[in-house]
2 protein chains.
Amino acid sequence: MTHHPYSFDRAELHGSLADPAMESMNFLNQIAEQYPTALSLAAGRPTEAVFDLADLPRHLETFCRYLREEKNATESDVRRTVFQYGRTKGIIHELIAANLRVDEGIDVDPEAVVVTVGCQEAMFLALRALRRDERDVLLAVSPSYVGIAGAARLVDMKLLPVREGADGVLLDDLAAQVRAARAAGLRPRALYLIPDFANPSGLTMPLNARHSLLAAARELGLLLLEDNPYGLFRADGGERLPTLKSLDTTSQVVYLGSLAKTAFPGARVGYAVADQTVRSPGTDRSLLADEMAKIKSMLTVNTSPMAQALVGGKLLESDCSLVKANADTIAGYSRNLERLLTGLQDRFGHQPGISWSRPIGGFFVVVTVPFQADNATLEYSAGKHRLLWTPMSHFYQGEGGERQLRLSVSSVVPEQIDLGLDRLRSLVDDLTANHRL
Amino acid sequence: MTHHPYSFDRAELHGSLADPAMESMNFLNQIAEQYPTALSLAAGRPTEAVFDLADLPRHLETFCRYLREEKNATESDVRRTVFQYGRTKGIIHELIAANLRVDEGIDVDPEAVVVTVGCQEAMFLALRALRRDERDVLLAVSPSYVGIAGAARLVDMKLLPVREGADGVLLDDLAAQVRAARAAGLRPRALYLIPDFANPSGLTMPLNARHSLLAAARELGLLLLEDNPYGLFRADGGERLPTLKSLDTTSQVVYLGSLAKTAFPGARVGYAVADQTVRSPGTDRSLLADEMAKIKSMLTVNTSPMAQALVGGKLLESDCSLVKANADTIAGYSRNLERLLTGLQDRFGHQPGISWSRPIGGFFVVVTVPFQADNATLEYSAGKHRLLWTPMSHFYQGEGGERQLRLSVSSVVPEQIDLGLDRLRSLVDDLTANHRL
């Protein structure tokens, strides 16, 4: 009797595996691999200019010294903290709370912080906690970061898009979506958004819009999932705006924190601040952070203490201010963004059918073009014009963004921006000349 | 208008949060925190004797040298590999494949390896891929590691316990469970088990039982999820037995690897070997590993490259042999296990109503006692006799293990084993004298 190797049809596996949101990142990575010499204005990775291997042993030593001097740890305690399994909610929660106080004016109990394997795990933990059954749905500003759609798909949570205007999420549409969902027997649990220099739109919500959104969320009984990976990178010299969480007096906001762009992606350390109270008959009250930690204990057990120690050391070396630690990086991104906006104006300022967003910070500019900016066009652009960008349609659930592309300034130098825009110029000429409209 | 802080009833959150499997680890940690001076024969943590902070910078340097010398990486490539986002399936997959070849005789394509945030994430990825809808169920040897029940709960996957005999999983019961589940309209997808020195039972499957199980799995069309955290730690001087994966000629086995006990828990690096083929209309065939990586990209993005680099360095420094790297550790656990078994014989050898397992390796011994070994008894033991152990009932879904406790030898020294057993003696005398039977 011969035995055949075990195999599946993908249809036998979880539905997420055939979902466009899950294929999206794969496709973009494949194109980048397939055209390694193409210039990328697609990648949202942080700059590599500041990475130095010699920093890592020092960060580790700085963190260990902190344990000895501030936490009265013995040598054995220090070794155990770094090498062993550890606290589910993390070991740098106090340093993260200090950072939020120093840089964001957010005053939070360190016990409400869950340190996670990047911000992506924080999203998953929040959605897993909130999705009780098929009636629970998530609202997300559209266009939205692909990762939130992916995380929702992993817990089979339906995602309802909410429209965005110049000031961010449209409150009328938000209220209408919530009403319609409730009328259909659904339970809208939370709205996901990036209020500062959003990915992909680049939009920033003005202060009054933040207050209005918080009031609307209270009114509607919705949590806000505030994701803030780019908040430090204001580029126009203006003051950074207060985060929703810093304005939040009613624990309406779960704050999702990333350290990938402000420390280093390679640590995979992010966090959630979840100070909402959870009542349970017969037991003490807990925080939503504690419930998320219970889920984490069955998902990743805890975030690598070694990785946390490296990030912790970096925080300590700048007195827990990432604004201070990133002074050069912030200036660099700011110069890049200005260069891109000026370069677009120089090349396309008088061309009908081409327009672009004018973000005041962050990594991303959205360009509207007079042709389909889809996967096929991207592949053509990569092969013929050696330029990579991101089709905006990837950030929509369903229709949207068909004639838009996202450019990123985070992982390039100014000369590459100029070269990239020259190539975009060629692509536009090519496609408009060829009537591939 | 005053606003109340946002709060939930736990009943509004995902059902896993009220599940005993999820509360279990929390409870055990709480008891340990509440009685810090109690001696713990509960913890399954690895020994701390071998942890040395000075190793970490060297491991990092070793891994970077490997990138330069073996992978022709430039300095810029090295920095990018360590600091940036990286390959979803990981950066030490080739070293893990080498380790499996050297130590386990498993010959696997490195592309079938997914590096994960500890073995717990590998379990989650496998179950998330396999659980398509409410009809998909998981079989698990009972008693079972708590983490598999937790991971199953996170994807709402029902877990069916399968009975265990002296040689491991009972094939008759396995077949009966599968038949009954199918008759009920369910789809049993896989059987989870630890064939070597299982947690918690300590049992090891003999070679013939392994062959029989593989044949049964093929017959039944079941995947086997083979978890092998303790396989290196044979304690009786005998030869280690081949893993199921090394005997697997039909990709029937998804191998779940932990490096927590053989490298360090603090890296949170584990992996899965998933070489099953996945067919999908209109696209190339992929490996189950690739599908798991797609899920991972929306869960944790990738496993910390910094943590992987530390583990990679450790692997490289022992020519990818963890048997070699752990020579002292293996000898230490072996001495501890013998000490525990001898100590039990010395103290309880002639006592009716007390018996215990005689594992040939690993960390765990199960003691059957003439009283309820439940949470209340554990708390009494911790407070009155300053001894911690684990109630076996935590490892059962439903009934089982009520009069059994698990002792662990992994994180204690021989003198603590003697002291712990003296305290167990006192506890047994106390509870039998007081008729708390």
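The values are calculated or read from the model by the stated rules, or taken from the named source; none is laboratory data. Because the structure is predicted, anything quoted here is derived from the model rather than measured. Note that each Cβ is placed from the backbone with ideal geometry, even for glycine, and that neighbours are counted across all protein chains shown. Side chains are part of the model used for accessible areas, which takes the heavy atoms of the whole protein and leaves out ligands, DNA and RNA. Shrake-Rupley method; radii C 1.70, N 1.55, O 1.52, S 1.80 Å.
A few notes on this one:
- Leading residue by the ranking (nearest to B:PHE124 (Cα to Cα)) among those in the range B:44-58 that are surrounded by fewer than 19 Cβ atoms within 10 Å (Cβ to Cβ) and more than 8 Å from chain A (Cβ to nearest Cβ): B:THR47
- Whichever residue in the range A:68-83 is within 11 Å of chain B (Cβ to nearest Cβ) and free of Cβ contacts under 8 Å to residues at least 24 places away in the same chain and, among such residues, is least open to solvent (accessible area, probe 1.4 Å): A:VAL78
- The residues in the range B:133-160 that are touching a residue at least 40 places away in the same chain (Cβ under 8 Å) and either within 8 Å of another protein chain (Cβ to nearest Cβ) or not small (Gly, Ala, Ser) (or both) can be counted, and the count is 15.
- Answer residue from the range A:267-277, given it is of a type in the set (Val, Ile, Thr) and at the interface with another protein chain (Cβ under 10 Å from one of its Cβ atoms) and is least open to solvent (accessible area, probe 1.4 Å) among those: A:VAL269
- The residues listed here are A:ALA129, A:ALA181; of these, the one that is more than 21 Å from the chain's Cα centre (by Cα), under 28 Å from A:GLY15 (Cβ atoms) and not assigned by TED's automatic domain parsing to the domain that holds A:TRP389 is A:ALA181.
- Some residue of the range A:295-310 being hydroxyl-bearing (Ser, Thr, Tyr), farther than 19 Å from A:GLY86 by Cβ and either open to solvent by 10 Å² or more (accessible area, probe 1.4 Å) or within 7 Å of chain B (Cβ to nearest Cβ) (or both): no
- Note on the range B:283-321: residues that are farther than 22 Å from B:LEU130 by Cβ and among the hydroxyl-bearing types (Ser, Thr, Tyr) amount to 3.
- If the condition is being surrounded by 15 or more Cβ atoms within 10 Å (Cβ to Cβ) and without any contact (Cβ under 8 Å) to a residue 12 or more places away in the chain, then the range B:316-346 contributes only B:SER318.
- Within the range B:240-263, residues that are closer than 23 Å to B:PHE363 by Cβ reach partners that are among the polar types (S, T, N, Q) and assigned to a strand (DSSP E or B) with beta carbons closer than 9 Å, at six or more positions or on different chains, in the pairs B:LEU256/B:THR116; B:GLY257/B:THR116.
- A:THR377 being within 27 Å of A:ILE148 (Cα to Cα) and over 22 Å from the mean Cα position of the chain (by Cα): yes
- Cβ-Cβ under 7 Å pairs, at least 6 apart or on other chains, the range A:110-127 side facing chain B (nearest Cβ under 8 Å) and within 19 Å of A:ALA190 (Cβ to Cβ), far side of a type in the set (A, V, I, L, M, F, W, C) and open to solvent by 10 Å² or more (accessible area, probe 1.4 Å): A:GLN120/B:VAL301
Yes/no per residue for (1) among the charged types (D, E, K, R); (2) open to solvent by 30 Å² or more (accessible area, probe 1.4 Å):
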{"position": "A:PHE348", "(1), (2)": "no, no"}
{"position": "A:PRO352", "(1), (2)": "no, yes"}
{"position": "A:VAL367", "(1), (2)": "no, no"}
{"position": "A:LYS384", "(1), (2)": "yes, yes"}
{"position": "A:MET392", "(1), (2)": "no, no"}
{"position": "A:GLU399", "(1), (2)": "yes, yes"}
{"position": "A:VAL409", "(1), (2)": "no, no"}
{"position": "A:VAL412", "(1), (2)": "no, no"}
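- The single residue among A:SER286, A:SER280 that is more than 24 Å from B:PRO57 (Cβ to Cβ), within 7 Å of another protein chain (Cβ to nearest Cβ), modelled with pLDDT under 95 and open to solvent by less than 30 Å² (accessible area, probe 1.4 Å) turns out to be A:SER280.
- Within the range A:84-98, the residues that satisfy the criterion of being of a type outside the set (Ser, Thr, Tyr), within 12 Å of another protein chain (Cβ to nearest Cβ) and surrounded by fewer than 21 Cβ atoms within 10 Å (Cβ to Cβ) are A:GLN84, A:ARG87.
- Of everything listed in (1) out of contact with any Leu (no Cβ under 7 Å at 6 or more places or on another chain); (2) in a strand (DSSP E or B), the single unmet condition for A:LEU431 is (2).
- Screening B:PRO36 on (1) modelled with pLDDT under 95; (2) facing chain A (nearest Cβ under 10 Å) shows it passes everything except condition (2).
- Subset tally (residues that are open to solvent by 30 Å² or more (accessible area, probe 1.4 Å), at pLDDT 85 or above and among the hydrophobic types (A, V, I, L, M, F, W, C)) for the range A:1-27: 2
- Checking A:ARG135, A:ARG101 one by one, the residue that is over 26 Å from B:GLN308 (Cα atoms), open to solvent by 30 Å² or more (accessible area, probe 1.4 Å), assigned by TED's automatic domain parsing to the domain that holds A:ASP167 and touching an Asp or Glu at 6+ places or on another chain (Cβ under 7 Å) is A:ARG101 and no other.
- Exclusive hit being closer than 25 Å to A:PRO229 by Cα and hydroxyl-bearing (Ser, Thr, Tyr), set A:THR377, A:THR342: A:THR342
- Residue check: A:GLU291 meets all listed conditions (1) open to solvent by less than 10 Å² (accessible area, probe 1.4 Å); (2) among the charged types (D, E, K, R); (3) more than 7 Å from chain B (Cβ to nearest Cβ) but one, namely (3).
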